[in-house]
Amino acid sequence: MATDISARSTDPADYAATTEPPPGSRGSDYAVLSREVKQRGLLKRRPGYYSVKIGANLLLLAAGWTAFALIGESWWQLLTAAFLAVMFTQTGFIGHDAGHHQISGSKRVNNLLGRVHADLLIGLSYGWWISKHNRHHSHPNHVDRDPDIEDGAIAFTEDQARVRSGAYAWLARHQAWLFFPMLLLEGLALHVAGVRALLERTGARTTRRTKLAEAGLLTAHLGGYLGAVFWVLPPLQAVCFVAVHQGLFGLYMGCSFAPNHKGMPLFAKDDKIDFLRRQVLTSRNIRGRRLTDFMLGGLNYQIEHHLFPSMPRPSLRHAQELVRSFCARHGIAYHETGLFDSYAQVLRHLHTVAGPLRLRPELEY
């Protein structure tokens, strides 16, 4: 567990979608770094990049569904399912960028792009994800504050593992071995969580019009997706297509997000730490070149992304050396590793967390 570090700044709950330093941070280390980043123009929008990126992605997505229609009844459609799983994840990355206002200076345009890519094209609730993801950005790896480390199928802390019993304890005890197989269900889990949150949402932040629009887009996706699959393919092939497509979609999404924070320092609910260190110490970068940037949707620059969430994806690699050097000058640990080593670190953490259960195997019965 991380130790207390004196607080220097605070940040609003929706910081993930802004470019301004958190309130109260002017004159802080973060403010100094922020000025350097702005002076280099790294927060400027990249409309050319995103126009090409979105256009190419839509063409490939359309090509995948066109191939699906042309191939027709065939077990070769499982390859189409794998291709579409990749394209769904790539589409999700664009929705992620829109949610952080990386694409346009207009909130309306970003939200429109986000809803189209998330709700309509891949069937994930954009509104639900924005709320959850912004809370994560505000308090990464902060116990009881970060929704990404809440107790669920995976136990992220020893306290979460210690209170488990029965089958739930067995799952946690073996979670390091089961982690990647469980990701095959992540796509389904995201669909269900989004729909459930949409049905339960009653807060003032969500207008009736927005709620109905999102529900309409999700319904259109689900109807179009299942309608197309079961129209073109016989029942057995259709079920297999959906299983392969959604399973690989969840696996790819999970493998893209898993290295970012799992296994990095955790902070207790009452720990105090300034914004800069909170973001850097809890994040892990992945080494790589252009292919890594593409396959991970820019999430491999997790430290830079958490410090400057609205920084356009292609600018993250240019900010890396600046941020890394700044951290070195201020004695802040900057963690970067290879992709496979990051997975090993995640699995070691999950294995360690389950330690209390291995000492009390009777909890499984």
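Worth pointing out:
- Residues in segment 256-269 that are within 10 Å of Val346 (Cβ to Cβ) and in contact with a Phe, Trp or Tyr (Cβ under 8 Å, 6 or more places away or on another chain): 3 in all.
- Residue pairs whose Cβ atoms lie under 8 Å apart, sitting 6 or more positions apart in sequence or on different chains, and linking a residue in segment 112-134 that is modelled with pLDDT of 95 or more to a partner that is buried (at least 23 other Cβ atoms within 10 Å of the Cβ) and in a loop (DSSP other than H, G, I, E, B), are Leu113/Ile103; Ala118/Leu124; Ala118/Ser125; Asp119/Ser125.
- Take the conditions (1) among the aliphatic types (A, V, I, L, M); (2) closer than 23 Å to Phe257 by Cβ; (3) open to solvent by less than 70 Å² (accessible area, probe 1.4 Å); Ala215 misses just one of them, which is (2).
- Qualifying residue in segment 65-74 (condition: open to solvent by 10 Å² or more (accessible area, probe 1.4 Å), under 24 Å from Val192 (Cβ atoms) and part of a helix (DSSP H, G or I)): yes
- Tally, over segment 32-48, of residues that are under 23 Å from the mean Cα position of the chain (by Cα) and either more than 17 Å from Ser106 (Cβ to Cβ) or open to solvent by less than 30 Å² (accessible area, probe 1.4 Å) (or both): 2
- Criterion applied to Pro147, Pro181, Pro140 was being buried (at least 19 other Cβ atoms within 10 Å of the Cβ) and of a type outside the set (A, V, I, L, M, F, W, C), and the one residue passing it is Pro140.
- Residues within segment 94-133 that are within 20 Å of Glu304 (Cβ to Cβ), within 12 Å of the chain's Cα centre (by Cα) and crowded, with 21+ Cβ neighbours inside 10 Å, tallied: 6
- Of all residues making up segment 82-105, the number that are over 14 Å from Ser256 (Cα atoms), assigned to a helix (DSSP H, G or I) and of a type outside the set (Gly, Ala, Ser): 3
- Within the set Leu79, Leu58, the sole residue that is out of contact with any helix residue (DSSP H, G or I) (no Cβ under 7 Å at 6 or more places or on another chain), assigned to a helix (DSSP H, G or I) and closer than 17 Å to Leu217 by Cβ turns out to be Leu58.
- Within segment 306-335, tally of residues that are under 23 Å from Gln90 (Cα atoms) and in contact (Cβ under 8 Å) with a residue 24 or more places away in the chain: 14
- Helices (runs of 4 or more DSSP H) wholly inside segment 256-347 that include at least 2 residues being within 28 Å of Asp151 (Cβ to Cβ) and open to solvent by less than 40 Å² (accessible area, probe 1.4 Å): 275-281, 302-307
- Hey, Thr210 part of a helix (DSSP H, G or I), of a type in the set (Ser, Thr, Tyr) and open to solvent by 50 Å² or more (accessible area, probe 1.4 Å) or not: no
- Selection from segment 152-169 of residues that are open to solvent by less than 50 Å² (accessible area, probe 1.4 Å) and either touching a strand residue (DSSP E or B) at 6+ places or on another chain (Cβ under 9 Å) or within 15 Å of Leu266 (Cβ to Cβ) (or both): Ile154, Ala155, Phe156, Thr157, Gln160, Ala161
The values are calculated or read from the model by the stated rules, or taken from the named source; none is laboratory data. Everything numeric here is computed off the predicted structure, so don't read it as measured data. Cβ atoms come from the backbone with ideal geometry, glycine included; neighbour counts cover every protein chain shown. For the accessible areas, the whole protein counts, side chains as well, though only heavy atoms, and no ligand, DNA or RNA atoms are used. Shrake-Rupley method; radii C 1.70, N 1.55, O 1.52, S 1.80 Å.
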